[in-house]
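To start, the structure under review is shown below, and the notes come after it.
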Amino acid sequence: MSDPVLDRARAVFDRVVSQRRDFHQHPELAFEEVRTSGKVVEWCRELGLGMRMGVGKTGVIATLKGSRPGKTIALRADMDALPIQEASGHEFQSSIAGRMHACGHDAHTAMLLGVATVLREVEFAGEVRFLFQPAEEGMGGALPMIEGGALEGVDLILGQHMAPFQPTGTIAVTYGPAMAATDFFTLKIYGRGGHGAYPHLSVDAIPIAAQVITALQTIVSRTVDPLQAAVLSIGTIHGGFRSNVIAPEVELTGTVRTFDDALRHAMPERIERIARMVSEAHGGSHKLDYTLNYPPVINHPDGAALVERVAAEVVGAANVQRIAPSMGGEDFAYYLERVPGCFYWLGCRPTGVTEAPNLHSPHFDLDERSLLTGMHVMARAALSFLAG
């Protein structure tokens, strides 16, 4: 039986791959996606879509209205790259030193352009809103998009993300909490500097920091319910001047990942207490700056069920998995706080590879055949929702 959506996706596939490679060669960081959004505008203008540009600085909202009134579904792609030096070796690898699409946002954007092209040729009721969002990587570009009206009148929102941990041709869905809240902190430990030969005349910030780091690990292991998920990781340590100088100050940075709201808001005080008591016990002091960043991604059951059902029709039920929540984070969470929807994973592990480089790796790669699957599932899911 012919599938017109698949036929149209196949027809635009080569162009989508070409556009993805173009985006990949010209990565732009958060809120700097001027060239990328320009390419998006060119494509959408060619399709005759309604457009709003400069949303959230560099975002684009494109609109496709059906032949008769109905519901509104939003489909989102993120556009920004990462400050990573690429090491993939592709002929189309990044042309800009120190910048790389290491999270698949180039593919997300190209696929959404392909979905717009497919749906432009299909009759449906209602409206499809295409959200080309800037600054997902830590800058929270979803919020300025929402403030710019991205969700006005929207009944459901869908987003997909490349998954190198899943083989090409598969879809992974999580019901309920799907990705964790991602919070960050900077903790400074203060001592009193001096000569390395006379430690008794100083307060060494380095061993204090070492004991603080060790003590912080007991927050998750000894104060969090073992049935709750939580992560506390120290990512950087900076302190000292040279080998024979007692360091007067050490700066630690880290991240905290949680799902439970009460636990999330309790973590700053727990870190504060340990840092204060350990520092003061050794004659030092501290300062904690704690930032509540993205909230958890919580999929709506109807949205997850829609994706799961449509994906089973597209790739077969055996290739659709329900997976456990991830401790990674995503600013798609802000959309899901306001409207129902689902954020799901698109398998892209290259053929013949059993363990692919993960997201944010300089060696990150994807099987471009997954772009066809991604377009097909998203377009079919949109049409299924609009058809009621």
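The values are calculated or read from the model by the stated rules, or taken from the named source; none is laboratory data. Predicted model, so just to flag it, every value in this text is computed and none were measured. Heads up, the Cβs are rebuilt from the backbone with ideal geometry, glycines too, and the neighbour counts pull from every protein chain shown.
Only one of L216, L232, L263 is touching a residue at least 40 places away in the same chain (Cβ under 8 Å), under 30 Å from T174 (Cβ atoms) and either surrounded by 16 or more Cβ atoms within 10 Å (Cβ to Cβ) or in the same structural domain as V339 (by TED's automatic domain parsing) (or both). Can you tell me which? One residue alone meets the criteria, L216.
For V5, the test of being among the aliphatic types (A, V, I, L, M), at pLDDT 95 or above, more than 17 Å from R129 (Cβ to Cβ) and out of contact with any Gly (no Cβ under 6 Å at 6 or more places or on another chain) is passed.
May I ask you to say which residue of V315, V278 is of a type in the set (V, I, T) and assigned by TED's automatic domain parsing to the domain that holds A333?
On the way: V278 fails: assigned by TED's automatic domain parsing to the domain that holds A333.
After ruling out the rest, the residue left standing is V315.
Against the definition (more than 25 Å from the chain's Cα centre (by Cα), farther than 23 Å from P325 by Cβ, assigned to a loop (DSSP other than H, G, I, E, B) and of a type in the set (D, E, K, R)), how does R242 come out, yes or no? Here the answer is yes, as R242 does meet what is asked. Taken over region 144-168, residues that are in contact with a strand residue (DSSP E or B) (Cβ under 6 Å, 6 or more places away or on another chain) and in a loop (DSSP other than H, G, I, E, B) amount to 6.
Across region 86-135, what is the number of residues that are of a type in the set (D, E, K, R) and not in a loop (DSSP other than H, G, I, E, B)?
Of the residues in region 86-135, the ones of a type in the set (D, E, K, R) are 86, 91, 99, 106, 120-121, 123, 127, 129.
Then keep just the ones that are not in a loop (DSSP other than H, G, I, E, B); that gives 106, 127, 129.
Count: 3.
What residue, among those in region 201-212 that are of a type in the set (A, V, I, L, M) and surrounded by fewer than 18 Cβ atoms within 10 Å (Cβ to Cβ), is nearest to the chain's Cα centre (by Cα)? Once the filter is applied, the top-ranked residue is A210.
So if I check each of G169, G148, G138, which one is under 19 Å from A74 (Cα atoms) and not charged (D, E, K, R)?
Values: G169 fails: under 19 Å from A74 (Cα atoms); G138 fails: under 19 Å from A74 (Cα atoms).
From the options G169, G148, G138, the qualifying one is G148.
Among all residues of region 209-220, there is none that is in contact with a Ser or Thr (Cβ under 6 Å, 6 or more places away or on another chain) and over 27 Å from G138 (Cα atoms). Going by what's in this entry, would S370 be described as among the polar types (S, T, N, Q), surrounded by fewer than 17 Cβ atoms within 10 Å (Cβ to Cβ) and in contact with a Lys or Arg (Cβ under 9 Å, 6 or more places away or on another chain)? The answer is no for S370. Scanning region 23-56 for residues that are touching a residue at least 24 places away in the same chain (Cβ under 8 Å) and either in a helix (DSSP H, G or I) or not assigned by TED's automatic domain parsing to the domain that holds P144 (or both) gives F23, H24, Q25, V34, T36, S37, V40, W43, C44, L47. Taking the criterion of being charged (D, E, K, R) and either assigned to a loop (DSSP other than H, G, I, E, B) or touching a Pro at 6+ places or on another chain (Cβ under 7 Å) (or both), the only residue of region 255-271 that qualifies is D260.
Under the condition of being surrounded by 13 or more Cβ atoms within 10 Å (Cβ to Cβ) and either outside the structural domain of L263 (by TED's automatic domain parsing) or over 25 Å from the mean Cα position of the chain (by Cα) (or both), which residue from region 219-229 is farthest from H282 (Cα to Cα)?
My answer is V224.
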